[in-house]
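The structure appears below as structure tokens.
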Amino acid sequence: MITIDNLHKSFGRQPVLSGVTLSFDRPGIYAILGPNGSGKTTLIKSILGMAIPDKGQILFQGKDIRGQWHYRRQIDYLPQIARFPDNLRVSELLAMIEDIREEKPQAMGRLIELFGLQPYLDKRLGNLSGGTRQKVNLVQAFMYDSPVIILDEPTNGLDPVALIRLKGLLHEEKEKGKLLLATTHIMNFVEEMADEVVFLLEGHIHFKGSLDSLKRQYNETSLERAIARILQGEPGFSANGHIKQAVRLAVRR
Amino acid sequence: MLKILKYSFFDLMRSRWAYIYTAFFLLLTVSLLWLSGDIAKVVASLMNVILVLAPLIATMFGVMYYYNSREFTELLLSQPIRRRHIFFGQYLGLALSLSLSLLLGVGLPFVVYGVWGSAEVWDFMMLLVVGVFLSFIFSALSFFIALRNENRIKGFGLAILVWLFFAVIYDGLFLLALSLFSDYPLENFAIGASLFNPIDLSRVLILLKLDISALMGYTGAVIQKFLGTALGMAVSMAALSVWVLLPAWGIQHVAKHKDF
């Protein structure tokens with residue numbers, strides 16, 4: 001569905017993505033991981049056309065997205081920070097998005113109920129708490145039936161009940177055969193939800209594959225420790241890793 | 001674009017600052033009308049306030065609005081809509097809400113006072129037109145500056161500096177140049193120089209309309225003498241329109257290439 005080919009992006013002199021090649025072609029939940037500043041958000045924003053790549057291209061369902069905007073009809077997006085116009089009411093915000101997309105939201109009523117937002121519909125967004133705003137954000141992101149959903153830190157500021165609802169929601173969307181991309185720092189969430197993991201480090205893809213293969217490659221039982229190994233720059237134990245190490249040793253000699 | 005405009009406009013019209021801005025003009029206009037009673041004099045006094053205040057408020061609102069809605073703009077950017085439409089929608093929503101505050105605050109008291117029957121109705125209209133022009137120009141300038149600067153403090157400082165330049169510094173430099181080169185014919189220079197300052201232009205426009213030569217100053221007098229009242233007003237109007245279009249073009253140009 002999404003193919004990224006040799007993507008380069010720098011802000012000023014600071015390279016953020018340097019040669020990312022990646023494709024998401026099967027439906028499922030993909031967790032995009034990496035330390036702060038590793039380029040996760042920039043990667044997502046490039047797919048959405050918010051950041052303009054310096055080099056390389058992104059194909060969405062086979063078509064180059066550069067300068068396009070129609071393809072975004074097929075993507076739902078949950079921004080990292082839930083901040084909306086202070087003086088609009090919740091219902092007006094949702095109506096605004098409906099207005100822009102020119103499409104009736106299929107699941108809005110159900111989602112409002114799911115996150116218990118009925119009492120807030122007539123409240124101004126500026127008066128809501130951070131957690132409630134994040135729930136509004138979730139409704140906004142899931143109310144359409146788009147084939148791709150992109151989530152930037154979806155668990156931000158949610159209470160445990162809302163978190164469980166969110167996980168249920170993600171499962172449902174996955175069952176429908178959608179592609180979900182999520183950045184997060186919460187490893188429990190990844191272990192519970194993700195089918196595949198993409199690990200970004202300093203603008204490069206360090207690992208892409210299933211959770212099991214990541215753990216196997218680093219010979220660890222938990223995801224957290226496997227990731228700690230990547231960050232400490234230790235080579236993996238896969239066949240590939242052994243060859244690399246052998247080559248390195250050979251060169252040194 | 002109209003969709004974004006509609007919601008930005010609602011958002012801004014409901015903000016506390018819009019109420020304060022409207023109330024300030026209401027109070028000022030009512031008290032001036034009540035104290036003086038001469039519409040031409042009230043228009044001249046209001047002119048001096050609007051020429052300084054409308055650009056200042058538009059500048060501050062423009063910068064604040066852009067930075068405050070930064071995160072929401074990102075959500076809008078992820079929607080199936082052109083970038084240009086997002087930013088023009090936001091800018092026009094801002095400029096229109098500022099204009100409406102001004103029109104209500106200044107207009108209502110005049111209408112209640114009975115300006116429609118009087119001879120000075122066009123002076124009053126000119127005041128409103130200039131106020132609206134200044135709101136559009138300075139909110140576009142500040143929106144453009146905010147778009148160019150990720151750093152909020154820098155953006156805010158720069159925008160205020162631009163206002164200060166046109167409202168105060170420009171006139172000082174202009175007078176300095178006039179006195180330094182007073183041995184030379186300066187008429188063309190004076191006309192040209194006032195075209196480059198929207199606040200000066202606005203002042204000239206109103207004074208031409210009011211026909212108060214004592215207040216007209218050097219540029220006003222020169223424009224009246226060389227271009228005549230009608231042509232002078234037409235040229236000033238055209239220049240003000242360019243002052244709106246130029247930063248608006250800048251907004252769309254910067255928005256097109258910007259990373260969010």
Given the options A:L151, A:L117, A:L231, which has the most mean-square fluctuation in a GNM of chain A, springs set between C-alpha atoms less than 10 angstrom apart? A:L231
Rounded to whole Hz, the Karplus (6.51, -1.76, 1.60) HN-Hα couplings of region A:84-90, x for glycine and proline: 10, x, 4, 9, 8, 8, 4
Along its principal axes, what span do the Cα atoms of the protein assembly as shown show, with the longest given first and each in whole Å? 91, 61, 34
What distance in nm separates the two pseudo spin-label positions at B:A234 and B:V168, each 7 Å out from Cα along the beta-carbon direction? 3.8 nm
Net charge near B:A177, counting Lys/Arg +1 and Asp/Glu -1 over other residues with Cβ under 14 Å of its Cβ? -4
With the 8 Å Cα cutoff and a minimum separation of six or more residues, chain B has a relative contact order in percent of 26 percent
Could you tell me, in Å, what Rg and Dmax come out for the Cα atoms of region A:69-122? 12.2, 35
Check which residues have an amide H placed less than 5 Å from A:Y77's amide H, if you skip close sequence neighbours. A:I150
Scalar couplings 3J(HN,Hα) for region A:131-141 by Karplus 6.51 cos²θ - 1.76 cosθ + 1.60 (θ = phi - 60°), nearest whole Hz, x for Gly and Pro, are x, 5, 4, 5, 5, 4, 4, 5, 4, 4, 7
Label-to-label distance, nm, for residues given as B:A177 and A:K167 (7 Å Cα→Cβ offset): 7.0 nm
Of all accessible heavy-atom area on the protein assembly as shown, the percent that carbon and sulfur account for (1.4 Å): 60 percent
Antiparallel bridges, percent of DSSP beta bridges restricted to region A:94-216 (to nearest 5): 55 percent
Please list 3J(HN,Hα) in residue order for region A:117-122, calculated via the Karplus relation 6.51 cos²θ - 1.76 cosθ + 1.60 where θ = phi - 60°; whole Hz, with x for glycine and proline. 9, 3, x, 9, 4, 9
For q values of 0.08, 0.11 Å⁻¹, compute log₁₀ I(q)/I(0) with the Debye formula on a Cα-only model of chain B, without solvent. -0.34, -0.64
How large is Rg/Rh for region B:71-129, to two decimals, with Cα atoms and a Kirkwood Rh? 1.28
Kirkwood radius from Cα pairs of chain A plugged into Stokes-Einstein at 20 °C, 1.002 mPa s, gives D in µm²/s equal to 109 µm²/s
Excluding residues on the same chain fewer than 8 positions from A:K208, give the lysines whose Cα lies under 24 Å from its Cα. A:K9, A:K40, A:K45, A:K55, A:K63, A:K167, A:K174, A:K176, A:K178, A:K244
Intensity falloff of region B:36-145 expressed as log10 I(q)/I(0), Debye formula with alpha-carbon point scatterers, at q = 0.14, 0.16, 0.19 Å⁻¹: -0.62, -0.73, -0.90
Quick check: residue separation of B:E187 and B:K6 times 0.36 nm, minus the Cα distance between them. What number comes out in nm? 60.6 nm
Run the numbers on chain A and let me know its relative contact order in percent, using alpha-carbon pairs under 8 Å that are six or more apart. 24 percent
Most mobile of A:G126, A:G116, A:G67 per a Gaussian network model of chain A (Cα springs, under 10 Å)? A:G67
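The values are calculated or read from the model by the stated rules, or taken from the named source; none is laboratory data. Quantities reported herein were computed from a predicted structural model and do not represent experimental measurements. Positions of Cβ are generated from backbone atoms using ideal geometry, with glycine treated the same way; all protein chains shown enter the neighbour counts. Remember, those area values only see protein heavy atoms, side chains included, never the ligands or the DNA or RNA. Shrake-Rupley method; radii C 1.70, N 1.55, O 1.52, S 1.80 Å.
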